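The values are calculated or read from the model by the stated rules, or taken from the named source; none is laboratory data. A quick note: this is a predicted structure, and the numbers were derived from the prediction, not measured. As a convention, Cβ positions derive from the backbone with ideal geometry for all residues, glycine included, and neighbour counts pool all protein chains shown. Surface areas here come from the heavy atoms of the whole protein model, side chains and all, with no ligands, DNA or RNA. Shrake-Rupley method; radii C 1.70, N 1.55, O 1.52, S 1.80 Å.
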Amino acid sequence: MAFENANNFTMDNVQVNAIASQTNIHQSSADSAETSNQTRFISTLAVQLAENIAGLKWYIERAIEEDARMFTRALESQAEGLILKPLQESADSISNRLKRLFWTISTALGVSSYWEDPKDPNMSYTRANVIVIDGLDECVNQKEQAHILRLIHALATHSRFPFRFAIASRPEYAIRTALSNDTLILRLEEYEADKDLRRTLKAEFSRLKSDHPLSTSIPADWPSSEDENALITKASRQFVYISVVMKHLANPRRNPMLELQHILGRRPTSNGIGSNPFTELDGLYNRILHPLDADISCLKSILHSIIHDKSGTADLDILLGLEPGTTTTTLVDLHSVLNFNSPTRRPTLFHKSLEDFLTSPSRAGDLYQPSDQTHVQLTLAYYQLGQQHHDHHVRDLGPIIMSHACSVNDWTLFKRDFRKKTLPAFLNSVVLHGVSSPNASWLDLYFAPLKAIA
């Protein structure tokens, strides 16, 4: 059951004519606000059970007839009235009792292996006994996310409920903290997906070469192994990336061979309307990177510092002049795209495509920051840090400062006195301390070509 598509299912499937207006939960808009909250979670689940469990529909209909206000009650009461009670009544029905009697007789005759064990009161419901809930994080309110998980746990551990739940979701903070200790968690970022991605690519390219209007012009050996490897690297184990790429290449109005070169950055992209093949992926990143109450300016500085620096979250607080813990709290809802488990370890991006997004001004929008700006910011931050400390660890800052300074293409972004006097003097005192030749120049030891710029 896909929770984010809950409005696609309607209680008309278990309609009671007398109160049809109360049982219909269909909304005309696929992106209605109704799909982003918990209101219809239990009723949608009841619909799915009614459609897939023989005989259960009648008991759910009767429950609605007996309580016309069922859908206005608390979700816990709905779970009891629409799911648990009907399941028990169905299991206790005469037909299921007869099945249990038949199983007892067949066991005595030695043929019970051909039949399901009726000691399980829900023997006729399903073989898989799994309900899949996809997109729990689409429920916007974090308290409601936690509430839904409590409802799921109550159902899954109830003696009358014969199913288990598989939940697919981004690891938002509220969801991670609400999961109980008896929950098995599979982290997809740890799944080695390259082989599956390659199989998917080959199948999709084979289909494209067969169905595209330019199929007769596409070489049999296209794309090359190099192209496939480049796409898999860019995907970073992300199937959505491959899906978006292939959807773009399959456009009958485009030349897929040229478009692939655009995507791989080997050919300039035209400025025509709709030239961005990653509109869908960008929409996903924009949604993830704009959590409620986010300080976009702060988040932007942190994300670009993560791309260009190796500091842990605690050090980023110091470098960016933030209150202790700000980096961690700012990134707390971004576990689906960032890996950070310790304040002393460097956060990393899970997906190369996220770095491509953030470093593209046309795609990132308010999250874009020029790399020069980031390197200047970090150069000055490390310099200030070196000025504030006078122990032996400061010597380690010299190469870091030089690395960021030399990554700046436009040195005029630094104030003239800083780039010509302050920074060289600092690096001479820090980096060259103890060097045998007192006349050695820091520019000779590091990046001599920058003499002319400095």
### Query
Hey, any hits in region 416-430 for a residue that's charged (D, E, K, R), at pLDDT below 75 and under 41 Å from the mean Cα position of the chain (by Cα)?
no
### Query
Of the residues that sit in region 301-311 and are of a type outside the set (A, V, I, L, M) and open to solvent by less than 50 Å² (accessible area, probe 1.4 Å), which one is farthest from Thr327 (Cα to Cα)?
Asp309
### Query
With respect to Lys57, is the statement that it is under 18 Å from Pro162 (Cα atoms), touching a residue at least 40 places away in the same chain (Cβ under 8 Å) and crowded, with 16+ Cβ neighbours inside 10 Å true?
yes
### Message
I'm trying to understand the selection: among the residues of region 320-344, which are closer than 13 Å to Ile306 by Cβ and in contact with a Ser or Thr (Cβ under 8 Å, 6 or more places away or on another chain)?
### Response
Leu320, Thr327, Thr328, Leu331, Leu338, Asn339, Phe340
## Note on the structure
By residue number, the members of region 137-185 that are open to solvent by 70 Å² or more (accessible area, probe 1.4 Å), in a loop (DSSP other than H, G, I, E, B) and of a type in the set (Ser, Thr, Tyr) are Thr157, Ser159
### Message
Name the single residue that is farthest from Ile152 (Cα to Cα) among those in region 186-202 being open to solvent by 50 Å² or more (accessible area, probe 1.4 Å) and of a type in the set (A, V, I, L, M).
### Response
Leu188
### Task
Specify which of the listed residues (Thr379, Thr412, Thr348, Thr329) is more than 30 Å from Glu280 (Cβ to Cβ) and surrounded by fewer than 18 Cβ atoms within 10 Å (Cβ to Cβ).
Thr412
### Query
Is it the case that some residue within region 284-299 is among the basic types (Lys, Arg), part of a helix (DSSP H, G or I) and open to solvent by 50 Å² or more (accessible area, probe 1.4 Å)?
yes
### Task
Output the qualifying pairs, or none if there are none: Cβ atoms under 8 angstrom, residues six or more apart or on different chains, first residue in region 148-176 and over 19 Å from Leu186 (Cα atoms), second residue open to solvent by less than 40 Å² (accessible area, probe 1.4 Å) and polar (S, T, N, Q).
Ile148/Gln38; Pro162/Asn122
### Task
Taking the residues in region 304-314 that are part of a helix (DSSP H, G or I) and among the small types (Gly, Ala, Ser) as candidates, determine which candidate is modelled with the lowest pLDDT.
Ala314
### Summary
Of Ala235, Ala166, the only residue that is over 16 Å from the mean Cα position of the chain (by Cα) and among the hydrophobic types (A, V, I, L, M, F, W, C) is Ala166
#### Entry: Scope region 217-266; condition aromatic (Phe, Trp, Tyr) and open to solvent by 20 Å² or more (accessible area, probe 1.4 Å); matching residues
Trp222, Phe239
### Query
Across region 332-345, what is the total count of residues that are surrounded by fewer than 18 Cβ atoms within 10 Å (Cβ to Cβ) and among the acidic types (Asp, Glu)?
0
### Query
Taking region 315-349 as the region of interest, how many residues are part of a helix (DSSP H, G or I) and touching a Phe, Trp or Tyr at 6+ places or on another chain (Cβ under 6 Å)?
0
